[in-house]
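The values are calculated or read from the model by the stated rules, or taken from the named source; none is laboratory data. For clarity, every value in this text was computed on a predicted model and none was experimentally measured. With ideal geometry, Cβ positions are generated from the backbone for all residues, glycine too; neighbour counts draw on all protein chains shown. Accessible surface areas use protein heavy atoms only, side chains included; no ligands, DNA or RNA. Shrake-Rupley method; radii C 1.70, N 1.55, O 1.52, S 1.80 Å.
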Amino acid sequence: FKSFRPNKTNISEFYYAGVRLYSILASGVTSALGVPYSLYGESWVGEGKYDFAPIDRQIELFIENAPQAYFAIMIQLDTRDWYLKLHPEVPNSFLKLSQTAWYEDWRRSAAEYLKAVISHCEAKYGDKIFGYFMLCGMTTEWFSAYDFEASHPIKEAGYRKWLNDESARLPSDERMNADGAAFLTPEENDVYSARRFHSDTIAELILYFAREAQSIINHQKLLGLYYGYLLELHLGRCHNFGVLEYEKIYTSNDIDMISSPSSYSFRKLRDPSAFMVTQKTLDLHNKLYFLEFDHITHVAPEEIHDGLDANAANGKIVKIPGADSKCADATESLNLMYRDFLLTTANRAALWWFDMFDGWFRSPELMSAIRHMIGVNRLLSECDIDSAAEIGVFAEGKSLYRVRKSSLLVEHSLSEFRRNLAECGAWYDLCSIVDVNNNDLPDYKLYIFCDQYDISPEQKATITDMLKKKSAAALWLYAPGYAEDGRNDPKLIGELTGIEVKQSDTPHGPLIYQKTSYNYKTDAPYFELCDRNITALAYFADGAIAVGYTRKNGYLSIYSALPTLPSALLRKIAKLSGAFIYSNNCGVYVYPNSLTIGVYNATDSAAKINLPYPGVYRDLIGGEVYDGNNGKLILSPKPLRAYLFTED
């Protein structure tokens, strides 16, 4: 549970529903909505001056109303108003984090505050605290949102230090934002370097604060943050926000927890649930991942007061963004809640409810559902459960340094691709390219490489050797290896995939598959398969081969000239690899693991589910028993679209 407006009522509601982990936000900073995050006041009041009374009052409120609970204290490290007055040359870190990050005095001062809060909380409440979250940047998620990669004297000095070159200068805004083909040219290596610096600045800042925090907690409490939403931030935001070095954080021994909201791109009743992050990477590196459920339920308030004095004539009232599209009724709210529950259950991930400004869940139906989910989760936590994924999907951030900010590539290959994956009816893990060498990586039947545009010869050799050794299938999307060291050569695609590729500056028209046309708007360069020794799977409207496969490299190598594919074609490719298909209906989403099969039927028709093991199955959500001895489940449509099956 977490709330910007915790009070006796909502703490108690969740406590009696069974919640025992609470996040407590200790911050006097003004939120992006223009109202304070916390109503308890500021604790960092001057240089080396702290007032812990606001933190104490809030923690004691939680202890009083959730006596057997444990807490994660959320500590905000941003520049305060008093600091900005003393240092007018320093940008506000909440808005322009990359421009503030290299200011040594702020780093030192914020680190001292971080350690002071932790030391105080450990001394006074240590036996009640399970961890700490470090908050900084826009919306507390380490976004450098409003500098748009732009230069600043502090940042430029950091760039010279980063390069160890006193003559270095950051490129102009015009160069950083220039339009053109999808990939930077060799003549834009300065843009590539500056872009790496921008994201590396955020990652190294996080690791600096993590080291400072660990000097106090010494790995005896969990340390976390919100960060690394690679799969969500398209349209230039993954570049601007500075998340492309997320692998440094996800693999760091100083970080134990990562949280992110459920994907904002998939919030409607008929959508699947989706992660913003490469969740399997966190699992492989022993990180606890929290999916934050912050959908705007049907009972959520549409406006919020600044809380200073609700009756004051000069009080500030703001409209909550998205309130005009909140859930229509309890049924819709319940469906979205259970749908995210299925996603986290399948992946053995954690889930928290964000009662943002109080009242998000103030409904008997919603609190009853939360109580039920906690009961099911406790039942399953006593069982040995493994992943059921037979597809490994590999994304990365570093190749995107070569991608132009105006390109649609990120949207197609990462953000939009999640929907097509969910619709194909097979199950998958979301991994990072750093995981390819991981000995704990499952033996997938199909490896999908989403955006490996710039990978080293060593990485290429590792991937191809692995595919041959495991006799697995690989699906390569759009331009694998094409931009290695900025060379931009289609021959490199052929060397990696074993399929000869031709490049042009003219689009080939829509993709045609099974007599259906799919019009994906993409940027130059445009590719087609020109290898005679392949089997074609799909064509472009002009007759050029769009997707095809070969086995001449010792494994099933499938290449797509597009950065995303329709779900029907993905299902065909999954079948070619031998992956199990749970559903052939694009609107019936499945969330399986080795013990349970989650189903969310977003259609108005019966859902038909293929079972890996015939038998009798019980729905842990509704309680009904279903006969699946013929290897199938037929689920009639009902208002609650979510099911969680286990063998009875």
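Across segment 289-306, what is the number of residues that are open to solvent by 10 Å² or more (accessible area, probe 1.4 Å) and out of contact with any Phe, Trp or Tyr (no Cβ under 6 Å at 6 or more places or on another chain)?
8
Restricting attention to segment 545-559, does a residue exist that is part of a loop (DSSP other than H, G, I, E, B), of a type in the set (D, E, K, R), touching a residue at least 24 places away in the same chain (Cβ under 8 Å) and under 30 Å from LEU496 (Cα atoms)?
yes
Checking GLY228 against (1) assigned to a loop (DSSP other than H, G, I, E, B); (2) crowded, with 21+ Cβ neighbours inside 10 Å; (3) in contact with a Leu (Cβ under 8 Å, 6 or more places away or on another chain), which single condition isn't satisfied?
Among (1) assigned to a loop (DSSP other than H, G, I, E, B); (2) crowded, with 21+ Cβ neighbours inside 10 Å; (3) in contact with a Leu (Cβ under 8 Å, 6 or more places away or on another chain), the lone unmet condition for GLY228 is (3).
Any residue that is within 21 Å of THR9 (Cα to Cα), at pLDDT 95 or above and open to solvent by 30 Å² or more (accessible area, probe 1.4 Å) - is there at least one of those in segment 371-392?
yes
Please work out if SER263 is small (Gly, Ala, Ser), modelled with pLDDT of 95 or more, part of a loop (DSSP other than H, G, I, E, B) and open to solvent by 10 Å² or more (accessible area, probe 1.4 Å).
Here the answer is no, as SER263 does not meet what is asked.
Go through segment 7-25 residue by residue and tally those that are open to solvent by 10 Å² or more (accessible area, probe 1.4 Å), touching a helix residue (DSSP H, G or I) at 6+ places or on another chain (Cβ under 8 Å), within 29 Å of TYR113 (Cα to Cα) and not in a loop (DSSP other than H, G, I, E, B).
Of the residues in segment 7-25, 1 are open to solvent by 10 Å² or more (accessible area, probe 1.4 Å), touching a helix residue (DSSP H, G or I) at 6+ places or on another chain (Cβ under 8 Å), within 29 Å of TYR113 (Cα to Cα) and not in a loop (DSSP other than H, G, I, E, B).
Suppose the filter is farther than 25 Å from TYR192 by Cα and part of a loop (DSSP other than H, G, I, E, B); does TYR482 pass it?
Taking the combined requirement at face value, the residue does not satisfy it.
Quick test for you: out of GLY34, GLY28, pick the one residue that is touching a residue at least 12 places away in the same chain (Cβ under 8 Å), outside any helix (DSSP H, G or I) and surrounded by 16 or more Cβ atoms within 10 Å (Cβ to Cβ). It would help to see each step written out before you state the result.
Values: GLY34 fails: surrounded by 16 or more Cβ atoms within 10 Å (Cβ to Cβ).
The conditions single out GLY28.
Look at segment 591-625 and say how many of its residues are in a loop (DSSP other than H, G, I, E, B), in contact with a Gly (Cβ under 8 Å, 6 or more places away or on another chain) and closer than 23 Å to PHE266 by Cβ.
2
Condition first: over 27 Å from the mean Cα position of the chain (by Cα), among the hydroxyl-bearing types (Ser, Thr, Tyr) and crowded, with 18+ Cβ neighbours inside 10 Å. Can you find one or more residues in segment 433-451 that meet it?
No, the conditions are met nowhere in segment 433-451.
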